[in-house]
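One structure is given below, encoded as structure tokens.
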Amino acid sequence: MMNEPISRIRRAMLGAVPAALFGAPAFAQAFPSKPITLVCPFTAGGTADVQLRVLAAAAGKELGVPVVVETRAGAAGTLGPASIVSAAPDGYTLSMATGIALLRQPFIVPTRYDPAKDFTYILGVTRFELGLAVRADAPWRNLAEFVADAKKNPGKFAYGTAGAATGQHTAMLRLCDAAGIACTHIPYKGSGDVFNALAGGHVQAISETSGWAPFVDSGKFRLLAVYSESRLKRWPSAPTAKEQGYDVTDSVPWGIVGPAGMSAALTKTLHDAFHKSLSDAAFVKTLALVGQEPWDADSTAYRNYMVSRIPVERDLVAKYRLKER
């Protein structure tokens, strides 16, 4: 008789378990159920910002919720992704990340993140193409003339980029090294400032992403070289540095990352939405304006690429003493 109440309680508790389990999905919310924050680590209005906003709008349509771009510029484009490493890995906080800066910065200054451990790599989106440009009224018609003049006037010519230790910067360092010339580097806060500096005659050249497109197309700037493996379809008359005798090829890949620890299901949902968005007409047009094409590296390929580049960036930092610049 003493055990009867206990038995009834036990049966009641056991009977309630399946009901609770079967009822759980009714309280779970499908992802996504609220706006997603996508951090842009570069200044508003620049090439990166414009591309990311168009992609975010397209991805928002695929996901059924707004993808809100938030600017957090600084630290050579690493402040943005660094700011999300402590966010919950729930898919609601993401960042744009450039392959060079994100991997290189930890070898230059202490960072809040380890690129091999602290991010979920979702999708490799595209690559910023790079080139060396001068004003249209500059005396140099090609790279050979620029190099010859720089050799006669070591240290006289200054070039601008959107930041020290960026891909634009090291591409020019490598070119100067290969050509045996010395030029002064002037880093700016963003690409818009770089283009204004060249237009205003504050620097003799710029080593920058293809945001210079409208200036080249309008005849204000002249491309002396592009750093791609082959000539860009958008500017077929602009020779590569390589075909002009300097073995310098480079581009700046970028993609979408989240905090480490995101589930495979969340990552796939986000990957699939951004992957579909690469075909969005507005995004394709935005890339075409600056001569870019989709990279479209899936989550595994993107992560493998980024991890494989870590020792490469470490060696570049050491070779060009980027810690000291």
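Numerical summary
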{"quantity": "Point-charge dipole on Cβ atoms (K/R +1, D/E -1) for the chain, about Cα centre, debye to 20", "calculated": "340 debye"}
{"quantity": "Computed lengthening from residue 30 to residue 264, 0.36 nm per intervening residue step minus Cα-Cα distance", "calculated": "82.8 nm"}
{"quantity": "Residue 228 long-range amide H proximity, modeled H, under 5 Å", "calculated": "130, 241, 250"}
{"quantity": "Efficiency of FRET from Cβ geometry, residue 87 and residue 244, R₀ 56 Å, rounded to 0.05", "calculated": "0.80"}
{"quantity": "Cα convex hull volume per residue for the chain (Å³)", "calculated": "141 Å³"}
{"quantity": "Per-peptide average of other Cβ atoms within 10 Å, ordering 203-212, 40-49 highest first", "calculated": "203-212, 40-49"}
{"quantity": "Sorted largest first, extent of segment 193-255 alpha carbons per principal axis (Å)", "calculated": "30, 29, 21"}
{"quantity": "Relative contact order %, segment 157-207, counting alpha carbon pairs below 8 Å whose residues are six or more apart", "calculated": "56 percent"}
{"quantity": "Rounded percent of accessible protein surface that carbon and sulfur make up, segment 128-280, 1.4 Å probe", "calculated": "51 percent"}
{"quantity": "Beta bridge orientation in the chain: antiparallel %, DSSP, nearest 5", "calculated": "60 percent"}
{"quantity": "Packing rank of 301-308, 117-124, where each peptide gets the mean count of other beta carbons within 10 Å, highest leading", "calculated": "117-124, 301-308"}
{"quantity": "Residue-normalised accessible area of the chain, expressed per residue, 1.4 Å probe, Å²", "calculated": "46 Å²"}
{"quantity": "Residue among 141, 174, 104 with the largest mean-square fluctuation in a Gaussian network model of the chain, springs linking Cα atoms under 10 Å", "calculated": "141"}
{"quantity": "Label-to-label distance, nm, for residues given as residue 158 and residue 298 (7 Å Cα→Cβ offset)", "calculated": "4.9 nm"}
{"quantity": "Mean Cβ neighbour count within 10 Å, used as a protection proxy, ranking 213-220, 227-234 highest first", "calculated": "227-234, 213-220"}
{"quantity": "Extended-chain gain in nm, criterion 0.36 nm per residue less alpha-carbon gap, residue 231 and residue 142", "calculated": "30.6 nm"}
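The values are calculated or read from the model by the stated rules, or taken from the named source; none is laboratory data. It should be emphasised that the depicted structure is a prediction, and the values quoted were computed from it without experimental measurement. In this analysis, Cβ positions are derived from the backbone assuming ideal geometry, glycine residues included, and neighbour counts consider all displayed protein chains. SASA here: full protein model, heavy atoms, side chains in, ligands and nucleic acids out. Shrake-Rupley method; radii C 1.70, N 1.55, O 1.52, S 1.80 Å.
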